[in-house]
Amino acid sequence: MIQPNRLTPDQYAENFSDIHPPFETTDAALVEANRCLFCYDAPCMKSCPTGIDVPKFIKQIATENIKGSAHTIFVSNIMGAGCSKVCPVEKLCEGACVYNFMEEAPISIAKLQRYSTEKAMAANWQLFKRKESTGKKIAIVGAGPAGLSCAHVLSREGIDVTIFEKEAKGGGLMTYGIAAYKVTPEFCEDEVNYILGIGGIEIKYNQELGKDISLADLQKDFDAVYLGIGVGLARQLEIPGEELEGVEDAIKFIYDIRNKGFNLVAVGDHVAVIGMGMTAIDAATQAKRLGAKKVTMVYRRTENEKPCTQAELDIAKLDGCEIIWLAAPKEIIGENGKVKQLVCSKMKLGEEDASGRRSPVDTGEAFILDVDMVIKAAGQMPFEELVKSYQIDNKNGKIKIEKEATNIAGVFAGGDCVNGGKEVVDAVQAGKDGAAAMIRYLSRKGAK
Ligand code: SF4
């Protein structure tokens with residue numbers, strides 16, 4: 001049965017506590033910082049999409065220059081605090097740390113980054129000063145990581161920024177789409193406020209492009225426009241039974257967990273989660289942590305092709321989620337309008353597809369899972385209709401850019417709406433690139 005209130009308040013608190021606790025003492029942070037070899041041409045730095053100077057900020061921590069270390073992080077990544085909690089560091093900086101080749105634990109880069117950025121946020125150290133106003137105004141659509149990062153760079157350069165956000169809070173995916181045991185909604189709000197602390201950035205909430213605002217108006221009222229609208233629409237399974245009560249989108253499920261009290265989010269006894277990306281893992285682990293008796297993840301390829309990281313998969317396994325590889329949903333069977341069973345096709349791997357991964361092929365055999373809830377996490381789709389309605393060049397809704405500019409003069413784009421959905425840290429870098437491109441555009445325009 002799908003029901004809320006499965007656990008006691010203490011159980012909820014324990015299940016949703018911080019999965020990566022911070023250093024308990026300053027000494028512990030200093031000891032870890034002093035393990036760093038401060039490599040020349042550091043591989044950790046090269047593998048960070050925002051290019052944070054890792055050895056420099058760790059050296060600054062080691063010499064107890066915390067303000068300096070926070071500046072080193074934020075100058076490359078203004079969401080460095082959030083990224084220290086949600087980045088898949090095992091495939092980025094920590095995965096590249098030279099200690100891995102010595103068969104020793106890599107430096108805890110994320111934990112050190114968190115150590116310094118949390119201190120900066122708690123003390124509200126504003127480490128950047130706006131340049132004198134240029135009188136230029138830029139509109140950004142979307143207060144997610146790309147939009148916020150873009151806004152901060154522009155504001156530093158003395159450009160006034162107005163962000164139009166369709167939700168009631170900023171932060172985008174960070175605020176609405178990530179497991180609550182990684183980042184809390186309160187932390188996300190603090191991070192947005194910290195970013196806005198520089199001044200010169202206004203966020204107008206509950207303003208949706210195509211509904212409350214139009215691209216034409218933004219083009220008329222501003223010197224340039226940046227689209228950081230992300231991706232949002234959950235991909236449908238397109239199988240019979242998808243309309244039954246108990247079938248839910250992973251994004252909505254995660255959104256509810258972050259916006260309602262944990263006890264108010266209903267979860268089934270036996271939940272099937274379709275997909276194996278980060279969103280699927282976040283949905284599966286949180287269903288378990290909300291008190292589902294059994295959670296089964298279903299993925300149509302093998303473990304070798306999984307889109308999530310090994311660390312994410314390990315969390316799901318440690319939480320007791322069961323995994324069925326090479327299985328694709330075929331039909332959801334209901335009773336009295338509610339989910340009762342999930343029929344899955346057994347798959348095998350065929351030829352490589354355009355992504356370089358071998359495609360799953362139906363073997364013709366099937367099996368049935370007795371479930372009362374199905375969470376769909378088979379990916380998200382770009383806002384194709386919206387993008388097409390503005391005649392923006394796109395590929396299946398993914399905006400095409402050249403040097404961050406769209407085909408429409410003065411309109412730029414970046415982040416998930418361009419790449420189809422990557423990590424938060426990739427969106428932060430896209431925002432920086434977008435800001436740099438718009439600054440060049442404004443200076444060219446001004447020179448004419
Ligand atoms: Fe320090 Fe590892 Fe980066 Fe070298 S690779 S600078 S040891 S964190």
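The values are calculated or read from the model by the stated rules, or taken from the named source; none is laboratory data. The model shown is predicted, which means the values in this text are computed figures rather than measured ones. Cβ: placed from backbone, ideal geometry, glycine included. Neighbour counts: every protein chain shown. These accessible areas exclude ligands, DNA and RNA; they are computed on the full protein's heavy atoms, side chains included. Shrake-Rupley method; radii C 1.70, N 1.55, O 1.52, S 1.80 Å.
The C-beta contact set for the range 53-76 (first residue on the phi > 0 side of the Ramachandran plot, second residue assigned to a helix (DSSP H, G or I), distance under 8 angstrom, 6+ apart or interchain) comprises 64/30.
Scanning the range 117-158 for residues that are in contact with a strand residue (DSSP E or B) (Cβ under 6 Å, 6 or more places away or on another chain) and open to solvent by less than 10 Å² (accessible area, probe 1.4 Å) gives 138, 139, 140, 141, 143, 147, 150, 151, 154, 155. In the range 95-115, of all residues being within 10 Å of the ligand (Cβ to nearest atom) and aromatic (Phe, Trp, Tyr), the one that is nearest to residue 74 (Cα to Cα) corresponds to 99.
Name the single residue that is least open to solvent (accessible area, probe 1.4 Å) among those in the range 351-376 being modelled with pLDDT of 95 or more and not in a strand (DSSP E or B). So the residue we want is 371.
Table: residues versus (1) hydrophobic (A, V, I, L, M, F, W, C); (2) under 26 Å from the mean Cα position of the chain (by Cα); (3) within 28 Å of residue 176 (Cα to Cα).
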{"site": "19", "(1), (2), (3)": "yes, yes, yes"}
{"site": "23", "(1), (2), (3)": "yes, yes, yes"}
{"site": "35", "(1), (2), (3)": "no, no, no"}
{"site": "43", "(1), (2), (3)": "no, yes, no"}
{"site": "46", "(1), (2), (3)": "no, yes, no"}
{"site": "61", "(1), (2), (3)": "yes, no, no"}
{"site": "83", "(1), (2), (3)": "yes, yes, yes"}
{"site": "96", "(1), (2), (3)": "yes, yes, no"}
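The residues of the range 436-448 that are open to solvent by 30 Å² or more (accessible area, probe 1.4 Å) and touching a residue at least 24 places away in the same chain (Cβ under 8 Å), listed by number, are 436, 439, 441, 445. Within the range 197-214, being in contact with a strand residue (DSSP E or B) (Cβ under 7 Å, 6 or more places away or on another chain) and of a type in the set (A, V, I, L, M, F, W, C) holds for 201, 203, 209, 213.
Scanning the range 301-327 for residues that are touching a residue at least 24 places away in the same chain (Cβ under 8 Å), open to solvent by 60 Å² or more (accessible area, probe 1.4 Å) and closer than 21 Å to residue 422 by Cβ turns up 307, 310. Each residue in the range 116-146 was checked for being in the same structural domain as residue 174 (by TED's automatic domain parsing) and within 16 Å of the ligand (Cβ to nearest atom), and 0 of them qualify.
Scanning the range 406-441 for residues that are out of contact with any Asp or Glu (no Cβ under 9 Å at 6 or more places or on another chain) and of a type in the set (A, V, I, L, M) turns up 409, 411, 424, 425, 428. In the range 414-435, the residues that are more than 26 Å from residue 378 (Cα to Cα) and in the same structural domain as residue 159 (by TED's automatic domain parsing) form Cβ pairs under 6 Å with partners that are open to solvent by 10 Å² or more (accessible area, probe 1.4 Å) and charged (D, E, K, R), at six or more places apart or across chains, as follows: 433/404; 434/404. Looking for something in the same structural domain as residue 418 (by TED's automatic domain parsing) and either crowded, with 20+ Cβ neighbours inside 10 Å or under 28 Å from residue 124 (Cα atoms) (or both) - is there at least one such residue anywhere in the range 246-258? Checked against the condition, which is being in the same structural domain as residue 418 (by TED's automatic domain parsing) and either crowded, with 20+ Cβ neighbours inside 10 Å or under 28 Å from residue 124 (Cα atoms) (or both), the range 246-258 yields no hits at all. Just one of the listed residues (52, 66, 73) is aliphatic (A, V, I, L, M), within 11 Å of the ligand (Cβ to nearest atom) and closer than 27 Å to residue 197 by Cα, and it is 52.
Residue 149 satisfies every condition listed in (1) touching an Asp or Glu at 6+ places or on another chain (Cβ under 8 Å); (2) under 14 Å from residue 200 (Cα atoms) except (1).
If you check 213, 195, 138 for being under 23 Å from residue 446 (Cβ atoms) and modelled with pLDDT of 95 or more, only one passes: 138.
Number of residues in the range 201-231 that are assigned to a loop (DSSP other than H, G, I, E, B), surrounded by fewer than 20 Cβ atoms within 10 Å (Cβ to Cβ) and not hydrophobic (A, V, I, L, M, F, W, C): the value is 9.
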